[in-house]
Amino acid sequence: MLSALRTNTSHSVPQIHAILTHFVRAHAVVEVFAIAMYRCLPKQHPLHKLLQPHLMGVIPINVQGREFLTKSTGVMAALMASGDKLWSLADVFMKQFRYEHLLHPEDVKRRGVEDIPNYHYRDDGMMW
């Protein structure tokens, strides 16, 4: 019984990472900025030139990802132990998400890592 519990727990962490951290934070949130850039900034605008290489493939990748991953018969439902239940967790995450969470100092405070000594991610991010 304990072995099965350990196995399920160890498999849930990468699943949560795949949906919440990777898909939601790296794809769904960034897609909003990509759409705004393409709709609102002319190609000659300096911000468009700066952002375009970083946002170039976000929209088509997300469209394919949603078609391929989010269906109840899709890859996520077949490969992940939680099936398609993680998408309801992603919905809860997005309802609680605020754009202020993307600010590095705010993120550091929210996660409570401001007093950890030699925390290079925090220290390097504060230099910007």
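Please treat every number below as a calculation from the coordinates, not as lab data. Just so it is clear, the model here is predicted, and its values are computed rather than measured. Counting neighbours? That spans all protein chains shown, and the Cβs are built from the backbone with ideal geometry, glycine included.
Karplus-derived 3J(HN,Hα) values for segment 90-104, using 6.51 cos²θ - 1.76 cosθ + 1.60 with θ = phi - 60°, are 5, 4, 4, 4, 5, 5, 8, 6, 10, 5, 4, 5, 7, 6, 4 Hz; glycine and proline are entered as x. Using the average count of surrounding beta-carbon atoms within 10 Å as a protection proxy, the listed peptides 109-117, 60-68 rank, highest first, as 60-68, 109-117.
Using the average count of surrounding beta-carbon atoms within 10 Å as a protection proxy, the listed peptides 26-32, 43-49 rank, highest first, as 26-32, 43-49. With a simple spin-label model that places each label point 7 Å from the Cα along the Cα-to-Cβ direction, the separation between residue 29 and residue 49 comes to 2.9 nm.
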